[in-house]
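Have a look at the structure below, then the notes.
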Amino acid sequence: MTFVLFLLYAAIGGGVGYGVFTLTDVGMPLSIAAGGIATALLGQIHILIKSDRSTKEIDERIDRVERTVRDSVERVDVVEARTEAVEATIKHELTERRDALVTEMKQLESLIDRLSKSFENKLAETSENAIVAPEEDAILRDVRDALKDGRVDLHLQPIVSLPQRRVSFYEGFTRLRRPNGSLVLPAEFLDAARRAKLMGIIDNFTLFRCVQIVRRLAERDRRVGVFCNISASSLEDSTFFPLFLEFMTENRDL
């Protein structure tokens, strides 16, 4: 487009030179010079107008960039303010949650201490009253010693959901440990413990081990349940089960 305009300016300059030559007594060289001057003036005017438009466009672009920068700064300030608010909220919630966990763990420890005394009394009663076959005497000694010393382990078997294979639940199994660290598996002690009426004590330990595991999982924000198999006699235990139900009622989040 600019090239066409300059051709037009040249044509106008040629017309001016021809008019000067025909209408005046000026010679050919001066007529050509007059046409060139006219063409140059028109071109200069065109360049000035073009540069003025370019300057306005540049100013407008600079203004748009400045507005964009200001908007970006405002957005960054808003994001920073929101981030600080979220951090403060999270810190407050974590503090409250930690305090609640500490309180609940203290309640759990107190309840376990109360139950430990009951366990010791029951162990003494079963030791005095239960009639045990000679071949079961060794395994029962291991069971009683493990219960007295609190050497009760909880083995967790994960239960996954398909197709993601994500752990949804755990099933808890009780194992006892001897002083040397070797394990007494359920297949070895269940029958003897049942005959000696020690299943309630074992189930009690298992239940509270499950509670401890659930609490640890909750601290890590893992929504995973734990199945705990207990014997029917534990459900009728007037010493333990009401206390356990009371504890679970007060801690419904478990």
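Six or more apart or on different chains, Cβ atoms under 8 Å: show the pairs whose first residue is in segment 165-187 and free of Cβ contacts under 8 Å to residues at least 60 places away in the same chain and in the same structural domain as A146 (by TED's automatic domain parsing) and whose second is part of a loop (DSSP other than H, G, I, E, B) and among the β-branched types (V, I, T). Matching pairs, first to second residue: V167/V224; S168/V224; F169/V224; Y170/V224. Residues of segment 25-78 that are modelled with pLDDT of 80 or more and hydrophobic (A, V, I, L, M, F, W, C): I62, V65, V69, V73, V76, V78. The residue of segment 79-127 that is nearest to K148 (Cα to Cα), among those that are at pLDDT 65 or above and small (G, A, S), is S110.
So that you can scan it fast, the table gives a plain yes or no per residue for (1) more than 33 Å from the chain's Cα centre (by Cα); (2) surrounded by 12 or more Cβ atoms within 10 Å (Cβ to Cβ); (3) closer than 30 Å to L94 by Cβ:
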| residue | (1), (2), (3) |
| --- | --- |
| S168 | no, yes, yes |
| R178 | yes, yes, no |
| G181 | yes, no, no |
| I201 | yes, yes, no |
| Q212 | no, yes, yes |
| A232 | yes, no, no |
| P242 | yes, no, no |
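Would you check if S168 is at pLDDT below 85, in a helix (DSSP H, G or I) and of a type in the set (S, T, N, Q)?
On the way: at pLDDT below 85: yes; in a helix (DSSP H, G or I): no; of a type in the set (S, T, N, Q): yes.
No, not satisfied.
Scanning segment 188-212 for residues that are without any contact (Cβ under 8 Å) to a residue 40 or more places away in the chain and among the hydrophobic types (A, V, I, L, M, F, W, C), which turns out nearest to D142 (Cα to Cα)? By that ranking, first place goes to L190.
Could we say that F189 is under 21 Å from R144 (Cα atoms), modelled with pLDDT of 75 or more and buried (at least 17 other Cβ atoms within 10 Å of the Cβ) here?
Working: under 21 Å from R144 (Cα atoms): yes; modelled with pLDDT of 75 or more: yes; buried (at least 17 other Cβ atoms within 10 Å of the Cβ): yes.
Criteria met by F189.
The set of residues in segment 128-149 being modelled with pLDDT of 80 or more and either assigned to a strand (DSSP E or B) or not aliphatic (A, V, I, L, M) (or both) consists of R141, D142, R144, D145, K148, D149.
The values are calculated or read from the model by the stated rules, or taken from the named source; none is laboratory data. Owing to the predicted nature of the structure, the values given are computational and were not obtained by experimental measurement. With ideal geometry, Cβ positions are generated from the backbone for all residues, glycine too; neighbour counts draw on all protein chains shown.
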